[in-house]
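The values are calculated or read from the model by the stated rules, or taken from the named source; none is laboratory data. Bear in mind that the values here come from a model prediction, so they are computed numbers and not experimental data. Note that each Cβ is placed from the backbone with ideal geometry, even for glycine, and that neighbours are counted across all protein chains shown.
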Amino acid sequence: MKRNLDMNHLLSSVDVPAEWVGLREVTEVHTPRMIRDGVPVTNGRFSTRGIMVEVLVN
């Protein structure tokens with residue numbers, strides 16, 4: 001499911017005395033494959049998605 005995010009609104013809500021604030025969208029996909037006795041048993045696919053916040057404060 002894709003959501004539209006207002007990045008300017010998110011950045012303006014970070015109220016800290018920071019020199020630099022960054023937002024980054026992060027997606028991770030993991031595909032485990034199981035093989036037992038030389039025969040494929042099961043495959044899976046898992047994904048996570050989120051926003052990473054980076055803040056530089058001196």
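Any residue at all in segment 32-51 that is in a strand (DSSP E or B) and in contact with a helix residue (DSSP H, G or I) (Cβ under 9 Å, 6 or more places away or on another chain)?
Taking every residue of segment 32-51 in turn, at least one turns out to be in a strand (DSSP E or B) and in contact with a helix residue (DSSP H, G or I) (Cβ under 9 Å, 6 or more places away or on another chain).
When the residues of segment 1-31 are narrowed to those that are hydrophobic (A, V, I, L, M, F, W, C) and assigned to a strand (DSSP E or B), which ends up farthest from R49 (Cα to Cα)?
It comes out as W20.
Has segment 10-30 got any residue that is in contact with a helix residue (DSSP H, G or I) (Cβ under 8 Å, 6 or more places away or on another chain) and surrounded by 10 or more Cβ atoms within 10 Å (Cβ to Cβ)?
yes
Please enumerate the residues belonging to segment 35-52 that are among the charged types (D, E, K, R) and out of contact with any strand residue (DSSP E or B) (no Cβ under 6 Å at 6 or more places or on another chain).
Within segment 35-52, R36, D37, R45 meet the criteria.
Just the residues that are modelled with pLDDT under 80 and among the polar types (S, T, N, Q), please, taken from segment 9-32.
Passing the criteria: S12, S13.
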